[in-house]
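Notes follow the structure.
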Amino acid sequence: MGVTTNGSCLTERVVNKVVAAKPFNVNISVDGHISEIHDYARGINGSLEKITKHLKILLAERKVDSTPKCNPSAHAASCNVSAKNTV
């Protein structure tokens with residue numbers, strides 16, 4: 001069993017429930033490591049900062065000492081934003 005989320009609703013209460021369920025993996029989707037790109041793709045200012053905060057809560061609750069594993073994938077909106085920012 002695993003959990004996939006965009007991370008925006010991972011409050012401490014929700015994190016406690018997720019950790020108690022002991023999922024095999026937790027997947028959190030982000031649209032870039034640069035907030036301007038991620039927030040633009042999501043259409044929500046401050047979204048990446050909020051997700052990062054929630055991820056730290058999850059890692060602390062699971063008592064994970066290592067860096068989370070990242071499996072990058074491209075979202076069409078992220079690619080378009082990246083191209084605009086590099087030109």
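Each value in this text was obtained by applying a stated rule to the coordinates, not by laboratory testing. Quick caveat, the model's predicted, so the values are computed rather than measured. All Cβ positions, even for glycine, are placed from backbone atoms using ideal geometry, and neighbour counts span all protein chains on display.
Overview of results
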{"read-out": "Nonlocal amide H pairs with N27, under 5 Å, H built at 1.01 Å", "value": "V3, T4, T5"}
{"read-out": "D31, D39 arranged by Cβ crowding within 10 Å, fewest neighbours leading", "value": "D39, D31"}
{"read-out": "Theoretical gain in end-to-end length, K22 to M1 [0.36 nm per residue, Cα-Cα removed]", "value": "6.7 nm"}
